[in-house]
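Report on the following structure.
The values are calculated or read from the model by the stated rules, or taken from the named source; none is laboratory data. Because the structure is predicted, anything quoted here is derived from the model rather than measured. Cβ placement follows ideal geometry from the backbone for every residue including glycine, while neighbour counts extend to all protein chains displayed.
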Amino acid sequence: MENCHGGCCIQKKSNGNINLGLLDDILAESRGKQGMLIPVLQKAQDIYGYLPVEVMRHIAAELGIKPAKVYGVATFYAQFRFTPVGKYIILLCQGTACHVNGADKIETALCDELKIKPGETTEDGLFTLNNAACLGCCSLAPVMMINGQAYGPLTPDKARRIIRDIYSGERQGAEEGVEQ
């Protein structure tokens with residue numbers, strides 16, 4: 001492995017189940033062009049849902065960039081993720097209006113229902129729970145967004161029901177897929 005000058009985590013092993021061929025067209029378009037690292041990283045994250053270590057190493061090798069530079073750029077920008085996220089990304093508002101209207105109780109209910117903490121993804125890979133400083137939906141306080149759809153005003157029971165309804169829809173969709 002390339003020397004990363006400081007042992008950065010780009011050298012950590014991945015699970016090896018990543019199809020790097022999905023990057024071929026993007027890398028071919030970008031080779032030899034200046035300023036393409038961020039767009040390549042963005043497209044890679046679109047493909048995989050996050051930036052696996054193996055992908056960052058592959059990008060570095062294919063673009064002739066040191067792995068430390070790829071990792072440094074990726075970790076500098078908040079838009080890049082290094083762990084998989086769920087199919088449903090929950091953003092729970094922690095803004096002032098939501099806070100004073102019980103966002104902490106909604107967080108407790110969601111954590112209990114999903115068996116995760118903020119910043120984590122459920123074992124089945126369906127949900128990722130994140131806190132947000134403000135979602136701009138103060139009239140719905142307390143509010144959460146799931147994949148861009150706002151839900152509020154929430155109670156702990158309503159938040160649990162929303163999650164259960166999504167789980168139910170996923171199970172139903174899976175059963176219908178098996179029947180076809």
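Points to keep in mind about this one:
- Residue identified as out of contact with any Ser or Thr (no Cβ under 7 Å at 6 or more places or on another chain) and more than 28 Å from Leu140 (Cβ to Cβ) among Arg57, Arg81: Arg57
- Neighbours by Cβ (under 6 Å, 6+ apart or cross-chain): first from the stretch 99-121, modelled with pLDDT of 95 or more; second part of a loop (DSSP other than H, G, I, E, B) and hydroxyl-bearing (Ser, Thr, Tyr): Leu114/Thr122; Ile116/Thr122
- Residues that are surrounded by 15 or more Cβ atoms within 10 Å (Cβ to Cβ) and either farther than 21 Å from Gly95 by Cα or outside the structural domain of Leu110 (by TED's automatic domain parsing) (or both), drawn from the stretch 120-160: Thr121, Thr122, Leu126, Phe127
- In the stretch 154-165, the residues that are free of Cβ contacts under 8 Å to residues at least 24 places away in the same chain reach residues that are crowded, with 17+ Cβ neighbours inside 10 Å and outside any helix (DSSP H, G or I) with C-beta atoms within less than 6 angstrom, at least six apart or across chains, in these pairs: Ile162/Tyr151.
- Within the stretch 43-86, being among the aliphatic types (A, V, I, L, M), part of a loop (DSSP other than H, G, I, E, B) and over 13 Å from Ile18 (Cβ atoms) holds for Ile65, Ala78, Val85.
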